[in-house]
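Heads up: the structure comes next, in structure tokens.
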Amino acid sequence: MTISEELLPAWTALLHRCDAATDPEPYGRELLRRWSEPQRRYHTREHLSAVLRHVDDLAGHAADPDAVRLAAWFHDAVYRPDRSENEERSAALAVRALTAASLPAARVAEVERLVLLTVTHDPAPGDRDGEVLCDADLAVLGGTPEAYAAYAAAVREEYGFVPEPDFRAGRAAVLRGLLALPALYRTPAARERFTDAAHGNLAAELRRLEG
């Protein structure tokens, strides 16, 4: 089974659970098309699938797990490496699509809020939905050194148009920002599973960039 064959039924089931008033499948195909755009190397359908799996693993911590799943589908639905407003445009896309599907306004607003939270990955204390989404999105940082190296290489490919010195400076700033977060992971399960490996991976990449 391909990733699309796995993801499309999951999207359709999710929208049905959320009482969508329209057939979810056509828009699911549109989302998968977006996640397959040629400029993507890391922010692909594989990333979407991984985030959704992690959301499922952490769903018991969430106040509204399906709102988190919806936010995962949209969080990088708009992705242009040469632009800085991807999260804002992704959130706006979520609002348009979910409103058109007649989802309740409160849930649409929650999805919008969650997508925008991925700008900082710094949910407020007690924001259980935000904690689950951010931890799922950042789980890649806590992978094996080999998996992390593949992730970092894919990110560099997405920014292939950026000269090496500029990329190193910008990437190092991102890594320092992540390491400076009050806590990299907020849910107990992700904190236990990923924190040590993530800090090791981030610190090692930072040393390479600054070496």
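Here are the numbers for this structure:
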| read-out | value |
| --- | --- |
| Pair residue 180, residue 2: separation of 7 Å Cα→Cβ label points (nm) | 4.3 nm |
| Nearest 10 degrees, 0 to 90: helix 164-179 Cα axis against the chain principal axis | 70 degrees |
| Highest-MSF residue in the chain out of 102, 36, 90 [GNM, Cα springs under 10 Å] | 102 |
| Difference of contour (0.36 nm per residue) and Cα-Cα distance, residue 192 to residue 166 | 5.9 nm |
| Of all accessible heavy-atom area on region 134-209, the percent that carbon and sulfur account for (1.4 Å) | 61 percent |
| Residue-normalised accessible area of region 39-144, given per residue in Å² at a 1.4 Å probe | 38 Å² |
| Measure of compaction for the chain (Cα Rg per 2.2 N^0.38 Å) | 1.00 |
| Mean Cα-pair separation over length for the chain, i.e. relative contact order, pairs under 8 Å, 6 or more apart, % | 20 percent |
| Karplus (6.51, -1.76, 1.60) ³J(HN,Hα), θ = phi - 60°, over region 83-96, in Hz, Gly and Pro reported as x | 10, 9, 10, 4, 5, 5, 6, 5, 5, 5, 4, 4, 4, 4 |
| Integer Hz, Karplus 6.51/-1.76/1.60 couplings in order for region 146-159, x for Gly and Pro | 5, 5, 5, 4, 5, 4, 4, 5, 5, 4, 4, 4, 4, 9 |
| 185, 27, ranked by accessible area, largest first (probe 1.4 Å) | 27, 185 |
| Calculated FRET efficiency for the pair residue 12/residue 84, C-beta based, R₀ 25 Å, to 0.05 | 0.15 |
| Solvent-accessible area, 1.4 Å probe, carbon plus sulfur percent, for region 1-59 | 52 percent |
| Gaussian network model of the chain, springs between alpha carbon atoms under 10 Å - residue of 122, 56, 19 with greatest fluctuation | 19 |
| Compactness of region 1-69 - radius of gyration and Dmax, Cα, Å | 12.6, 35 |
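The values are calculated or read from the model by the stated rules, or taken from the named source; none is laboratory data. Keep in mind that this is a model prediction, so the values were computed, not measured. Cβ: placed from backbone, ideal geometry, glycine included. Neighbour counts: every protein chain shown. The area values use the complete protein model at the heavy-atom level, side chains included, leaving out ligands, DNA and RNA. Shrake-Rupley method; radii C 1.70, N 1.55, O 1.52, S 1.80 Å.
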